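These notes are about the structure you will find just below.
The values are calculated or read from the model by the stated rules, or taken from the named source; none is laboratory data. Predicted, not measured: the structure shown is a model, and the values here were computed from it. Cβ atoms come from the backbone with ideal geometry, glycine included; neighbour counts cover every protein chain shown. What goes into the accessible areas is simple: the full protein's heavy atoms, side chains included, and nothing from ligands, DNA or RNA. Shrake-Rupley method; radii C 1.70, N 1.55, O 1.52, S 1.80 Å.
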Amino acid sequence: MTLETVLLVAAALFSIGLYGAISQQVVVMVMMGLELMLNGVVLAAAGFWWFLSPAPDGQVLLLVVLTAMTVEMAMGFAVATLLHRSKQSDMTDMATDLAQ
Amino acid sequence: MLSEIVFWVLAVVAIAAGVAVFRVDSMARATYALAASFVAVGLALLLLDLQFLGVMTVLMMVMEMAIMAIYMIMFMGMNPALMPMSMVHGKRPALLVSIGTFVVLAAGAVLVPWPTRRGAPAADLVTSLGEAVMHSKMLVMLTVSPVLFATIVAALVLALPRGRYDRLGPELRHRSRHGRADR
């Protein structure tokens, strides 16, 4: 296990998540893609921390990334609820008027 | 040697489960696959001696996937969540973008001359994290706390069925101008 291998796995997770976030139509599935991207970020940050500078600061950064995941989940579910209530749908294509 | 094997097993599980999220034909199975991917990454964090963060990742993500399952049942009904579905758009461009991103990131991971490790990890990493949070990095936690509180408020404002926007509807802008919107 080296930094390169950890980063390669993290890059794979990030790219798979990116594919999902771009291609999926259901809001919850888009959120799953974003979560998978952040999963890769968590693994990469852990790899950097362990192999480059294992000081407590890096753990705090990971804690912040996990917080970002929580915020993303909470706001995503709230938007999904709002969309479902107003449009009776949970598809991203039905939410184009949110930009107006 | 054992940790090497365990890491590769976890890596394969994390990636395969990640692919399965967008390959399986039901959202319920996609949720389970994502949970499996998160558990594998959480266990990989344990291999890197991140005990607290590894356990927290596993617990938090399993809980989150349970909430996602509830949302699917709530919005789509139990049967549609288990029925085959394919709701994608721009599949080919998305595939190209993700493959391109992987190539760039992988090239960076392999080609960049990473520096050697500086310093050694603390004897008790959980204690050192707790001390950092309560001492030198307290500002980070002081920032994260109001962000989380603001998230709770914003999520409630968006999700409540009888919020300000629903109550006033198209009259919101007109009534705000006359100072009567907050009644």
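Helices (runs of 4 or more DSSP H) wholly in region B:55-155 with at least 1 residues that are more than 30 Å from A:Gln88 (Cβ to Cβ) and either open to solvent by less than 90 Å² (accessible area, probe 1.4 Å) or at pLDDT below 85 (or both) - which ones?
Those helices (runs of 4 or more DSSP H) span B:91-111, B:125-134.
Give the residue that is farthest from the other protein chains (Cβ to nearest Cβ), with candidates limited to residues of region A:17-30 that are assigned to a helix (DSSP H, G or I), open to solvent by 10 Å² or more (accessible area, probe 1.4 Å) and touching a residue at least 24 places away in the same chain (Cβ under 8 Å).
Ranking the qualifying residues of region A:17-30, first place goes to A:Val30.
Against the conditions (1) under 30 Å from B:Arg118 (Cβ atoms); (2) more than 7 Å from chain B (Cβ to nearest Cβ), where does A:Trp50 fall short? Just the number, please.
The one condition A:Trp50 does not meet is (2).
State which residue is nearest to A:Phe48 (Cα to Cα) when the search covers only region A:1-11 and only residues that are facing chain B (nearest Cβ under 7 Å) and buried (at least 22 other Cβ atoms within 10 Å of the Cβ).
Going through the qualifying residues, I end up with A:Leu7.
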